[in-house]
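Visitor: First, the structure itself, so that you have it in front of you.
What follows is calculated from the coordinates using simple rules that are stated; it is not laboratory data. Keep in mind it's a predicted model, so treat the numbers as computed, not measured. As a convention, Cβ positions derive from the backbone with ideal geometry for all residues, glycine included, and neighbour counts pool all protein chains shown.
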Amino acid sequence: MPEKLTWIRLNPYVSVSCQPNTPNGRIVVKNHDVSPSIILLFGWMGARFHQVLDYADALHELFPSSTIVIISSWAEFVWRSQSYLNTAMIPVVELLQSERNHKTRFRGALVHIISNGGGWQFMTLRKVLSNLQLSTPPADRAPTALILDSVPDDKGLKSSLRAVSPTNPILRVLVFPFLFCLYVSIFIHNRFTGRLPLFAELRVALLQAEILPFIVTGGAPRLYVYSQSDPLVLATRVEQHIAAAAQLGLDVAVEEFEGTSHAAHMHSDPERYWSAVHSMWVGAVARMSNTVSH
């Protein structure tokens, strides 16, 4: 059992793990350790820190030498300016750059996204990375992998309102008119500016081969985790995205659960869930090793 992590909150959205009782919060990496240098864990919209911590703790057990970054998602995402959203991701960019710049020990990055809210924050991070002007080239021989848990959806108004509405039924009734007007305003703004609708933009972002542009080059394998019983993100929507990814030649794996609700797959069968995640990463490392050897 690895030592318990402590956490440093960098801003209202971003927290980073820190190993206690070690220099600079880091641990010594053993030769046989295949842990990624950094893991980005994007929580679902409205998730409390302790809820996402269940995932972070499990990731720490699998990959004890990885730095783990938790990125939170809140309903305000849909009405905040792009500039504000980009600024919130700066600490994540700096952490990625810091890890990448240590090329002799950079062991790649694992991106773990839960639900559409997590996907939207990832989408924002990709935008920031895509606009970077870096003086040093990205790491070109490091593994990456993408875990997609209960994402992406594509149901427009219905999904948007459900995603940002309060869980309390009374509050939901009170704020629904405001949220509806907000959605219509955003829709009109997107039409006039040529920007894709939020869910369409998310689906496009998750089909990009390079998940962390200007940090690591090369396509990333991806694992889709979903359920036919998910009432929020329909299985058919996820399966359409899986088919699109495969058609683009992306390396795709699927873990389909039965009878599990939205973003509840990990708690229903932790052993199966984390085995799939671990296998995805180990496979990414093996493929990278084979590429380098040839």
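Visitor: For F63, what is the net charge nearby, where nearby means another residue's Cβ is under 11 Å from its Cβ and Lys, Arg count +1, Asp, Glu -1?
Guide: Net of charged neighbours comes to -1.
Visitor: Could you tally the net charge around V285, taking each other residue with its Cβ under 14 Å from the Cβ of V285, Lys/Arg +1 and Asp/Glu -1?
Guide: Surrounding charge for V285 is +1.
Visitor: Okay, moving on. Counting C-alpha atoms alone, how compact is segment 218-294: give Rg to one decimal and Dmax as a whole number, in angstrom.
Guide: So, for segment 218-294, Rg and Dmax equal 14.1, 46 Å respectively.
Visitor: Follow-up question, since we're still on this one. Order of 262-268, 107-113, 46-52 by packing, highest average Cβ count within 10 Å first?
Guide: For the peptides 262-268, 107-113, 46-52, the packing ranking is 107-113, 262-268, 46-52.
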